[in-house]
C-alpha cells in the first residue's frame with residue numbers, strides 16, 4: 001500500500017499531465033467500445049441472417065447445385081425422405097426443406113421476374129422465425145396462395161388480397177402459368193426477403209414443378225453453434241452419395257470474409273488503444289527524466305528495482321482504470337440508446353442480397369464487450385508504462401543521485 005500512496009501522490013504532483021493521460025485513454029476506450037458495439041451488431045446481424053435465411057448451420061444440397069444455384073436450377077435436387085432421419089439427430093433444433101426456383105409475375109400489362117421459395121411453413125418458422133416480419137398471414141398448405149416481399153409489392157403496385165399469375169418452367173421444361181392470391185407480405189428490411197421474392201407451400205410447388213418429394217436444399221439449425229462440427233460428421237454419415245453437407249462458414253466467400261475480418265477487427269482495436277497510450281508513454285518518459293534524483297533517493301533508502309517498477313505500474317494502472325471508466329460511461333450509454341432506437345444507414349435496394357443487413361443497424365452492448373474493452377485498455381496502458389519504467393528500475397542509486405533533473 002505504500003507504493004500505491006506514493007503513486008497517488010506522484011500523479012497529483014503533475015495534474016495536467018495526469019488529466020491529459022486519462023483523457024487520452026478515455027477517448028480510446030470510447031472509440032473502441034462504440035466501434036466494437038456497432039461492428040459486432042453488423043456481424044451478428046449478417047451471421048444470423050445468413051444462417052437463418054440462407055445456409056442454416058448446415059445445408060444439404062446436391063454436389064452440383066452450388067455451381068448452378070444462381071440459375072435456380074431444378075435439375076440438382078435432394079430427396080426430402082432425409083427429413084425423417086435428420087429429425088432424429090440430437091442437437092438439431094430445426095430441419096427445413098426449401099425448393100427454390102425462378103418465375104415471372106404477370107398482372108395486367110406488367111411482368112416482373114421473381115425468386116420463388118417453396119417452404120414447409122411450420123419447419124421454416126422453427127428455422128428462420130419469418131413470421132415476425134409477416135403482415136397478413138402465411139399461405140395455407142396445398143392452397144394457391146403466396147406471401148410476397150413488401151418491397152416487391154410496392155414496386156409492382158400490388159397489395160395483400162390481390163391476385164397474380166406466376167409463370168414458371170417445370171423441372172422438365174414445360175411452361176406453366178398459375179394464378180395465386182397474395183395473403184401476406186414480408187417487411188424484414190432484408191433485400192433477399194423483401195425484394196423480388198415469393199413464398200409458397202412446398203407440397204403444392206413440388207406438384208406444380210413435377211418433382212414430388214424433391215427439394216433444392218435442406219437447412220439445419222443447431223442448438224449451439226459450437227456443436228456444428230460434431231453434428232457435421234453425423235449428418236455426412238446420413239446423406240447419400242452425390243449429396244453434400246456444407247457448414248455455414250463455407251456457405252459463400254462473403255461468410256469466409258466475415259470470419260477473417262472478425263480477427264482483423266481485434267487487431268484494429270489494439271491499434272486504437274495503442275495510439276491512445278502515446279500520451280501516457282510520453283508522460284512517463286518525462287516523469288522519469290524529471291524524477292531521476294528522487295528515484296535514486298528511494299533506491300538508496302531501500303526500494304528494490306522491482307518496487308520502483310511496481311510504483312510506476314501503479315501509476316499506469318490508476319490512469320488506465322480511471323480513463324477506462326470515464327470512456328466506458330458515455331460509450332455504454334450510446335450503445336444502450338442505439339440498441340433501442342437503431343441507426344438508419346442506407347437504402348436497402350443498394351445492397352447486394354447476399355449481405356443480410358437491414359437499413360437500420362442495431363449495435364450490440366453486453367457486459368462481456370464492456371469488460372473486454374476495459375481490460376484491453378488497462379493492459380495496453382500497463383504495457384505502455386512498463387516500457388519506459390524498466391529504465392527507471394535499473395538505475396543505480398549513485399548514478400541517479402548525480403543526475404540533474
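Okay, here's what the table says:
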| quantity | calculated |
| --- | --- |
| Count of the range 143-155 residues which are within 23 Å of residue 209 (Cβ to Cβ) and surrounded by 15 or more Cβ atoms within 10 Å (Cβ to Cβ) | 7 |
| Close pairs from the range 166-177: first in the same structural domain as residue 116 (by TED's automatic domain parsing), partner part of a loop (DSSP other than H, G, I, E, B) and exposed (fewer than 15 other Cβ atoms within 10 Å of the Cβ), Cβ under 9 Å, at least 6 apart | 170/210; 171/75; 171/210; 172/210; 174/210; 176/170 |
| Qualifying residue in the range 310-333 (condition: part of a helix (DSSP H, G or I) and either more than 23 Å from residue 375 (Cα to Cα) or at pLDDT below 75 (or both)) | no |
| Check on residue 173, within 23 Å of residue 66 (Cβ to Cβ) and part of a loop (DSSP other than H, G, I, E, B) | yes |
| Complete set of residues in the range 125-142 that are touching a helix residue (DSSP H, G or I) at 6+ places or on another chain (Cβ under 7 Å) and under 20 Å from residue 208 (Cα atoms) | 138, 141, 142 |
| Residue in the range 350-360 that is part of a helix (DSSP H, G or I), modelled with pLDDT under 70 and surrounded by fewer than 19 Cβ atoms within 10 Å (Cβ to Cβ) present | yes |
| Single unsatisfied condition, residue 75 versus (1) within 26 Å of residue 222 (Cβ to Cβ); (2) out of contact with any strand residue (DSSP E or B) (no Cβ under 6 Å at 6 or more places or on another chain) | (1) |
| Residue within the range 222-236 that is touching a residue at least 40 places away in the same chain (Cβ under 8 Å), surrounded by fewer than 16 Cβ atoms within 10 Å (Cβ to Cβ), part of a loop (DSSP other than H, G, I, E, B) and in the same structural domain as residue 149 (by TED's automatic domain parsing) present | yes |
| Breaking point among (1) surrounded by 20 or more Cβ atoms within 10 Å (Cβ to Cβ); (2) in a strand (DSSP E or B), for residue 7 | (2) |
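Yes/no per residue for (1) surrounded by fewer than 19 Cβ atoms within 10 Å (Cβ to Cβ); (2) in a loop (DSSP other than H, G, I, E, B):
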| position | (1), (2) |
| --- | --- |
| 66 | yes, no |
| 69 | yes, no |
| 73 | yes, yes |
| 88 | yes, yes |
| 97 | no, no |
| 102 | yes, no |
| 116 | no, no |
| 125 | yes, no |
| 139 | no, yes |
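Here is a yes/no grid of residues against (1) closer than 30 Å to residue 28 by Cα; (2) at pLDDT below 90:
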{"site": "198", "(1), (2)": "no, no"}
{"site": "236", "(1), (2)": "no, no"}
{"site": "243", "(1), (2)": "no, no"}
{"site": "252", "(1), (2)": "no, yes"}
{"site": "263", "(1), (2)": "yes, yes"}
{"site": "267", "(1), (2)": "yes, yes"}
{"site": "276", "(1), (2)": "yes, yes"}
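The values are calculated or read from the model by the stated rules, or taken from the named source; none is laboratory data. Remember, it's a predicted structure, so these values are computed and weren't measured experimentally. Positions of Cβ are generated from backbone atoms using ideal geometry, with glycine treated the same way; all protein chains shown enter the neighbour counts.
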